[in-house]
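Inspection log for the structure reproduced underneath, given as structure tokens.
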Amino acid sequence: MRVRLSSCSVDSRGSGADYTGGAEGLYEELLLDLDSALELLVKLQQEVSRTSSRLLAFVSSTWRQKDSLHKRIYDIKVACVELNKALGEYVDFAQGTLANSARLSDKKLVSRLVRHVTPIQQHKQNFSQALRGLEEMKWQVNLLVEPVEPGTSDDLGTIINLAKELVPDAKKLGSLIQGNSSLLFKRSSDFAAHSRNATTPAEIHVASKPPIVPKTRGIAQTRHCRRKRRWRR
């Protein structure tokens, strides 16, 4: 997804009432119109729910037995990576919404958003940490079967517990953003007047990565250089 961003920071103490110039607590404002923001929120929330459900579908009374893990370990790994990605995108949106709220006079809303955003951020941090632990052990089935060896962290179990917890928290945050969306985002007409380069609804489907120069342009330039070399000869 691509959204227009503007830098600002929110007080790292969690009040959300003050802007600071430091890097700590730095978030990016979401420069989206109201309709685009709501469309994107629904899409991201659905993706978190979908990827969480896919991961939890592997859980059963025997899923941590050696034979079961051997058959499904690759699919479990893919599901974990997808959920981590979806959660990261949702956190980015949540933090951007929090940055938007800091310009409002209603500081109570800012504080409420902080309280709902913080658990999602913590889920993402814990999920990524557990996923790194699994990558470091190279997803060895012998180390993932239950019961886990004493003194060994159960990163896979941690991920499953987080997958169960994060969806309700994501829904609570989503409901709060939707209920106050008219304050957090400008309507299309107001947004267009505010910025000549307003983001259109179609742009939210473009990956949020730096623009990539089309390969066709590079090919054309190469051909042009070849023609120049021939001419010099």
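The values are calculated or read from the model by the stated rules, or taken from the named source; none is laboratory data. Please read all numbers here as calculations on a predicted model, not as lab measurements. Positions of Cβ are generated from backbone atoms using ideal geometry, with glycine treated the same way; all protein chains shown enter the neighbour counts. These accessible areas exclude ligands, DNA and RNA; they are computed on the full protein's heavy atoms, side chains included. Shrake-Rupley method; radii C 1.70, N 1.55, O 1.52, S 1.80 Å.
Numbers below:
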item	result
Unique match (being in contact (Cβ under 8 Å) with a residue 40 or more places away in the chain, of a type outside the set (S, T, Y), in contact with an Asp or Glu (Cβ under 9 Å, 6 or more places away or on another chain) and over 19 Å from E29 (Cα atoms)) among L166, L144	L144
Any chance V81 is touching a Leu at 6+ places or on another chain (Cβ under 6 Å) and either assigned to a loop (DSSP other than H, G, I, E, B) or among the aliphatic types (A, V, I, L, M) (or both)	no
Filter pass, R64 being under 15 Å from I160 (Cα atoms), crowded, with 16+ Cβ neighbours inside 10 Å and among the charged types (D, E, K, R)	yes
Qualifying residue in the range 28-45 (condition: touching a strand residue (DSSP E or B) at 6+ places or on another chain (Cβ under 6 Å) and open to solvent by 40 Å² or more (accessible area, probe 1.4 Å))	yes
Scan of the range 154-187 for residues that are open to solvent by 70 Å² or more (accessible area, probe 1.4 Å) and either farther than 18 Å from K77 by Cβ or touching a helix residue (DSSP H, G or I) at 6+ places or on another chain (Cβ under 6 Å) (or both), ordered by number	K164, E165, K171, K172, S175, Q178, S182, L183, K186, R187
Residue that is nearest to F185 (Cα to Cα) [pool: residues in the range 23-68 that are in a helix (DSSP H, G or I) and in contact with a Leu (Cβ under 8 Å, 6 or more places away or on another chain)]	A37
Scope the range 68-94; condition open to solvent by less than 30 Å² (accessible area, probe 1.4 Å), under 14 Å from R132 (Cβ atoms) and hydrophobic (A, V, I, L, M, F, W, C); matching residues	C80
Segments classed as helices (runs of 4 or more DSSP H), wholly inside the range 96-190, with at least 3 members that are of a type outside the set (D, E) and over 28 Å from A57 (Cα atoms)	107-136, 155-179, 181-184
Given (1) assigned to a helix (DSSP H, G or I); (2) at pLDDT below 95; (3) among the aliphatic types (A, V, I, L, M), number of the condition L5 does not satisfy	(1)
Of the criteria (1) open to solvent by 60 Å² or more (accessible area, probe 1.4 Å); (2) under 24 Å from V167 (Cβ atoms), which one Q121 fails	(1)
